[in-house]
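Below is one structure; the comments refer to it alone.
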Amino acid sequence: MANTLIPIEERNLTPDQVELLDRRRRRGQAFLVVAVQTTIISCLLLLWSGQDFTLTPGWVKPIVIWNTITVLIAISCYTIGIRLRRGTNEFFSY
């Protein structure tokens, strides 16, 4: 009986194709780990962004800029990681 947890397009893969698929999914997991780490950093930067936004004179707000950059990195890593890791139904532990 076929394993119904495996997507239909992945049921008849060669060993080389399975290796490429696993490599793609591991890369996606790595992107998700980076996304979680940058989310934590952006949450910590958010503590200083409000103070920087209100107290820094002029138009240049460096901490706000850094916070914006880390949020954009987190969002892009989340989307790339989810796209690369699609089709998996197992939990990776390294």
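The values are calculated or read from the model by the stated rules, or taken from the named source; none is laboratory data. On a predicted model such as this, the values are computed, not experimentally measured, just so you know. Every residue, glycine among them, receives a Cβ derived from its backbone with ideal geometry; neighbour counts consider all protein chains shown. In case anyone asks, the SASA skips ligands and DNA or RNA and just uses the protein heavy atoms, side chains included. Shrake-Rupley method; radii C 1.70, N 1.55, O 1.52, S 1.80 Å.
Tabulated data for the structure shown
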{"read-out": "In order through the range 59-67: 3J(HN,Hα) via Karplus (6.51 cos²θ - 1.76 cosθ + 1.60), integer Hz, x for Gly, Pro", "value": "8, 8, 10, x, 5, 5, 5, 4, 5"}
{"read-out": "The range 18-85: relative contact order in percent, alpha carbon pairs under 8 Å with at least 6 residues between", "value": "55"}
{"read-out": "Gain in span if fully extended, Ile8 to Val60, counting 0.36 nm per residue against the direct Cα distance", "value": "13.4 nm"}
{"read-out": "Per DSSP, loop trypsin sites (Lys or Arg not before Pro) in the range 19-94 with at most 14 further Cβ within 10 Å", "value": "Arg86"}
{"read-out": "Correct option for Kirkwood radius over Cα pairs in Å [calculated from the coordinates] among (i) 15.8; (ii) 14.4; (iii) 21.8", "value": "(i)"}
{"read-out": "Exposure of Thr54 as accessible area (Å², to 10), given a probe of 1.4 Å and all protein chains", "value": "100"}
{"read-out": "Solvent-accessible area, 1.4 Å probe, carbon plus sulfur percent, for the range 18-85", "value": "76"}
{"read-out": "Heavy-atom accessible area order for Trp59, Trp48, largest first, 1.4 Å probe", "value": "Trp59, Trp48"}
{"read-out": "Potential lengthening between Gln17 and Arg86 on full extension [0.36 nm per residue; Cα-Cα distance subtracted]", "value": "23.3 nm"}
{"read-out": "Filtered GluC sites (Glu not before Pro), the range 3-94: DSSP coil and at most 16 other beta carbons within 10 Å", "value": "Glu90"}
{"read-out": "Which of Asp52, Asp16 is most accessible, then next, and so on - probe 1.4 Å", "value": "Asp16, Asp52"}
